[in-house]
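First up is the structure itself, then whatever we jot down about it.
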Amino acid sequence: MCGLSGEMRFDGTRPDLAAVERMSDRLAARGPDGHGIWSRDAVALGHRRLKIIDLSERGAQPMTDDRQELTGVFNGCIYNYAELRAELRALGHRFRSTSDTEVVLKAYQQWGTACVDRFYGMFVFALVEHRTGRLILGRDRLGIKPLYLAQTPGRLRFASTLPALLAGGDVDTSLDPAAVHQYLSWHATVAAPRTLLAGVRKLAPATVRIVEPDGTYAEHRYWQPSYTRRPEHAGMGPTEWRDVVLETLRTAVRRRMVADVPVGVLLSGGLDSSLIVALLADEGQRDLATFSVGFESEGGDEGDEFRYSDLIAREFATDHHQLVVPSRRVSTALDAAVAAMSEPMMSHDVIAFHLLSEQVARHVKVVQSGQGADEVFAGYHWYPQLAAVAREEEPQRYAETYFDRPHADLATMLQPHMLPPDDVSGRFVREHMAVPGAETALDAALRLDTHVMLVDDPVKRVDNMTMDWGLEARVPFLDHELVELAAACPPELKLADGGKGVLKEAGRKLLPHEVVDRPKGYFPVPAITHMAGPVLERVREALDAPEAKRRGLFQDSYVAKLLAAPDRHRTKRGANALWQVALLEIWLQTHGI
């Protein structure tokens, strides 16, 4: 797990090594254990290393293969690297390290871009072919690891975070109106390849891009589950589905224990993280380090769920660590969390994750986390509503159920120059759901949520917040084999029991019923939910700042209405509308935009 950066020139000049160094410096928190820069002809690569596998200097990056044919940088973990290494050695490849990075290089030499089909893991890589000068960029199937791109006619720059690209300089930071539309429609999500900045794009998940020396490129998507029922599952009943889901999750959890350092678990006390702990205990893990966070109550809302996480910690005898955050700490932690964001993220638990990661990184370098289960196994309350409609009605119902607000409302919020001429967010959903392969309306919704909304909301949130403290987070519910299985699972089994039915049935084999049957919980951060005290002061400061006035993003009358009643105005999904608007300004100002 690391941070990577680089530059490729198309104009006959050498890459700007000072810019690559600046980008690499901005990634230092992601990789505090090592630093390297490499340059040849038109390409330069930078790398910051977090030592997880092969702790020796033989695993340092950028890494050049022993034939001097290929140099690359890599971020992530290939969980089946040992098996691939053995296969490649049998094919005649020689290794000088035990790192998964070297496996990536040898796998590309052996299988070309098809190597990604053999990788079980989370990853982004950038490989340079010495002979041809080509640059090969690849991203994992579920987009767990990020890669941001800034291309001009003369060059391409890339980095693991958007702030790192900004550190390189010379980036078009004008706002993309279509991306702003998505941000305000989809609970702050902006789908790949867009970002809020017109000059920055991101490589889509499950994508390999080959960049030629003249700047032209070709890319292909190498993976997409069909979200249809499979012949091999015919005749399987609820019990068989429960058992195969549990065993596939067990394999996913076991894979994510691969490391040369200890691995802990972020334990919220919900079904998903509790299942991870139970499966690890079932595998023989003892004194497993687990971590939970809670906040002070505000406005009558409880700020922690410790009664459930404590129950699991006692049940499985974990080495449990509990962090309680006072409300005053939320406001002081806000700016640091925003600085760590590659894109603005309005969900309250982003600050919780940042604060928790700070504490967890003092104990371990790697944790497993329960993110993704709700999208993969239909755990949210709106899925039954979507499943009840005809396939052709799905896009409209999805918008009514999921969107923060309709397109018409944006005209009362945004200045005219920032409002796209049509409903770009609604059009995106309609086009995605029209793609063949989803058998039912629910299948179409889950495909959209798993491969778009999940990637650029909770998955990105976990990566940004943990890696800002040099902490690697692994997400077993996004194991691609588990996602493929869940996509094929009959919708009624996922919707059963109030959502995640098949997963709850699996949980009943291992967990206390109080945890399986509890009401669905979230990371509550009451100080933000109710715009309390110092958080509200920070919001007012950002919206009154000269930068905000010059930008003229929102209509003055709309901002004044929100500030006059900070806790009253909510989006259709119940989020604080003032927080959504203010966070965008805070993020832009924090990153000097």
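Across segment 555-568, coupling constants 3J(HN,Hα) worked out from phi with the 6.51/-1.76/1.60 Karplus curve, θ = phi - 60°, read 5, 4, 5, 5, 4, 4, 4, 5, 5, 5, 9, x, 9, 9 Hz, and Gly and Pro carry x. Sparse packing (at most 14 other Cβ atoms within 10 Å of the Cβ) combined with a DSSP loop state is found for the following chymotrypsin sites (Phe, Trp or Tyr not before Pro) in segment 487-593: TYR522.
What's the magnitude of the charge dipole for segment 319-433 around its Cα centre, counting Lys and Arg as +1 and Asp and Glu as -1 at the beta-carbon? Answer in Debye, nearest 20.
Working: 9 positive and 16 negative charges, 93 e Å.
It works out to roughly 440 debye.
Positive end of the dipole of the chain (Cβ unit charges, origin at the Cα centre): among THR290, ALA42, ALA444, the Cα lying farthest that way belongs to ALA42. The portion of the accessible surface of the chain made up by carbon and sulfur, rounded to a whole percent, is 49 (1.4 Å probe; DNA, RNA and ligands excluded).
Amide H to amide H, with H built 1.01 Å from N, THR161 comes under 5 Å of TYR148, counting only residues 5 or more places away or on other chains. Go ahead and collect, in residue order, the members of segment 24-68 whose backbone nitrogen is under 20 Å from a label point 7 Å along the Cα-Cβ direction of TRP111. So the set is 65-66. The HN-Hα couplings worked out from phi for segment 70-80 by the Karplus form 6.51 cos²θ - 1.76 cosθ + 1.60 (θ = phi - 60°) are 8, 10, x, 10, 9, 10, x, 8, 9, 5, 9 Hz, whole numbers, x standing for Gly and Pro. Near the amide H of VAL263, within less than 5 Å, lie no amide hydrogens of residues on another chain or at least 5 residues away, with H placed in the peptide plane. For segment 85-182, the solvent-accessible area with a 1.4 angstrom probe is 30 square angstrom per residue.
By how many nm would the segment from ARG58 to ALA339 lengthen if fully extended, with 0.36 nm per residue of separation less the alpha-carbon distance?
Numbers: separation 281, 0.36 × 281 = 101.16 nm, distance 3.25 nm.
The span from ARG58 to ALA339 would gain 97.9 nm if fully extended.
For segment 14-92, the list of trypsin sites (Lys or Arg not before Pro) that fall in a loop by DSSP and count at most 16 other C-beta atoms within 10 angstrom reads ARG67. Sequence-ordered 3J(HN,Hα) estimates for segment 411-424 from the Karplus curve with 6.51, -1.76 and 1.60 and θ = phi - 60° stand at 5, 8, 9, 8, 5, x, 5, 9, 9, x, x, 9, 7, 5 Hz, glycine and proline given as x. Using only side-chain charges placed at the Cβ, +1 for Lys and Arg and -1 for Asp and Glu, the dipole size of the chain relative to its Cα centre rounds to 860 debye.
To the nearest 10, the accessible area of LEU442 is 0 Å² with a 1.4 Å probe.
Working ranking of peptides 423-434, 453-464, 502-513, 264-275 by packing, defined as the average number of other Cβ atoms within 10 Å per residue, highest first, is 264-275, 453-464, 502-513, 423-434.
Sort MET257, MET465 by accessible area with a 1.4 Å probe, largest first.
Details: MET257 45, MET465 0 Å².
Heavy-atom accessible area, descending, gives MET257, MET465.
Binning all Cα-Cα separations of segment 213-348 at 10 Å, short to long from zero, yields these whole-percent fractions: 9, 24, 27, 24, 12, 3, 0.
Nearest 0.05, what FRET efficiency do ALA28 and ALA90 give at R0 = 51 Å with Cβ-Cβ as r? Mind showing how you got there, number by number?
On the way: r = 39 Å, r/R0 = 0.76.
The computed FRET efficiency comes out at 0.85.
Think of the chain as having a plus end and a minus end, set by charges on the Cβ of Lys, Arg, Asp and Glu; of GLY3, GLN368, LEU553, GLY3 sits farthest toward the positive end of this dipole.
Taking amide H positions as modeled 1.01 Å from N, with prolines and chain starts lacking one, the residues under 5 Å from ARG155 and 5 or more places away or on another chain are PHE10. For the pair ALA434 and ASP170 in one chain, pulling the backbone fully straight at 0.36 nm per residue adds 91.2 nm over the alpha carbon distance.
The values are calculated or read from the model by the stated rules, or taken from the named source; none is laboratory data. Predicted model only: the values in this text are computed from it and were never measured. Every residue, glycine among them, receives a Cβ derived from its backbone with ideal geometry; neighbour counts consider all protein chains shown. Accessible surface areas use protein heavy atoms only, side chains included; no ligands, DNA or RNA. Shrake-Rupley method; radii C 1.70, N 1.55, O 1.52, S 1.80 Å.
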